[in-house]
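For reference, the structure discussed in these notes is given below.
Values in this text are rule-based calculations from the coordinates and carry no lab data. Please read these numbers as outputs of a predicted model, since none were measured by experiment. Please note: Cβ atoms are built from the backbone with ideal geometry, for glycine as well, and neighbour counts cover all protein chains shown.
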Amino acid sequence: MTTRPFLRLALAAALLPLAPIASALADEAQHVDIPKIEGLPKITEKDFSKAIRKSFYVNNPHEWERFYSKTLEICNATDSQPSAAQAQEIIQRETKSIVYPKSGKLMGDWKLGAKWAEDVHGGRIGYPGFKDADDPSHPNGANCYACHAMDPKFPQHGNMGPSLTDYGKLRGTTDAVIKYTYDKIYNSKSLNPCSLMPRYGGPKHLLTPEQVADITAYLLDPQSPVNNGGNPAGQAK
Ligand code: HEC
């Protein structure tokens with residue numbers, strides 16, 4: 001168990017220009033001695049699932065469905081290292097799930113994208129008596145900042161994922177980049193089978209195709225603060 005965070009982080013970074021760091025981490029992971037603690041009770045998959053269900057409260061039992069999928073089953077069973085055939089199967093299935101906005105425009109409004117990227121609303125696990133954790137009349141957000149730096153003036157961010165500051169400035173806005181970015185946000189596992197990044201699009205997930213297009217614009221639009229040192233273009237720095 002102790003090696004898992006290392007392996008996952010290494011795998012997550014494997015598709016990025018961070019490959020040297022990733023392989024260093026993978027090497028490190030191979031050499032970790034897992035301490036054996038005698039006398040602890042054995043936990044089966046069933047016990048584990050039961051404990052998870054008891055620990056969290058969901059307003060709607062369908063929310064549990066988000067936690068189970070053929071893809072996650074394969075990633076869990078292989079410690080996120082699927083065989084080539086399994087990876088192919090995942091990529092095909094996840095790619096099929098991607099839906100594009102009716103307008104055909106994969107880049108929407110970056111200002112709305114900023115709002116969705118920051119907003120933590122949606123998919124939150126509440127407690128009995130605190131049922132309004134997710135007000136269903138409020139659109140869901142994506143909480144991208146939990147894992148990524150984006151606008152460099154945003155007060156805080158996590159770093160499980162790579163920094164996306166200057167994302168569009170560094171990559172440009174060709175059709176290929178726009179489609180890659182949209183697909184990555186809509187369904188990260190269509191590009192990296194056991195990606196740690198959540199799948200945002202699709203019926204059981206958080207965002208509409210239009211919201212995904214707005215976030216795509218937030219990352220790529222030359223006007224977005226992500227590509228302007230934290231200032232929307234045209235504003236005093
Ligand atoms: C739980 C953590 C997590 C969250 C939340 C998350 N990501 Fe990621 N993201 C990652 C990781 C890890 C990677 C690198 C591995 C990979 O590509 O799968 C990544 C990669 C990416 C990439 C590819 C970067 C590149 O250089 O090609 C983009 C784009 C991206 N994320 C955008 C987003 C956006 C936009 C959001 C919010 C809608 C988001 N992510 C939310 C973890 C996360």
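Placing a pseudo-label 7 Å from each Cα along the Cα-to-Cβ vector at Ala84 and Lys153 gives an inter-label distance of 5.0 nm. With each label modelled as a point 7 angstrom along the Cα→C-beta vector, the Asn76-Tyr180 pair spans 3.2 nm. With r defined as the distance between the Cβ atoms of Ala233 and Ala146 and R0 fixed at 25 Å, what FRET efficiency is calculated, to the nearest 0.05? Between Ala233 and Ala146 the formula returns 0.45.
Return the lysines within reach of Lys102: Cα separation strictly under 30 angstrom, same-chain partners fewer than 8 residues apart disregarded; answer none if there are no such residues. Straight-distance partners of Lys102: Lys70, Lys111, Lys115, Lys169, Lys179, Lys184, Lys189, Lys204. Placing a pseudo-label 7 Å from each Cα along the Cα-to-Cβ vector at Asp135 and Thr208 gives an inter-label distance of 1.8 nm. When the Cα centres of the range 162-178 and the range 200-224 are compared, how far apart do they sit, in Å? Distance between centres, Cα-based: 14 Å. Cα-based values for the range 141-215, radius of gyration first and Dmax second, are 12.3, 33 Å. Convex hull volume of the Cα atoms of the range 61-227, normalised per residue: 132 Å³.
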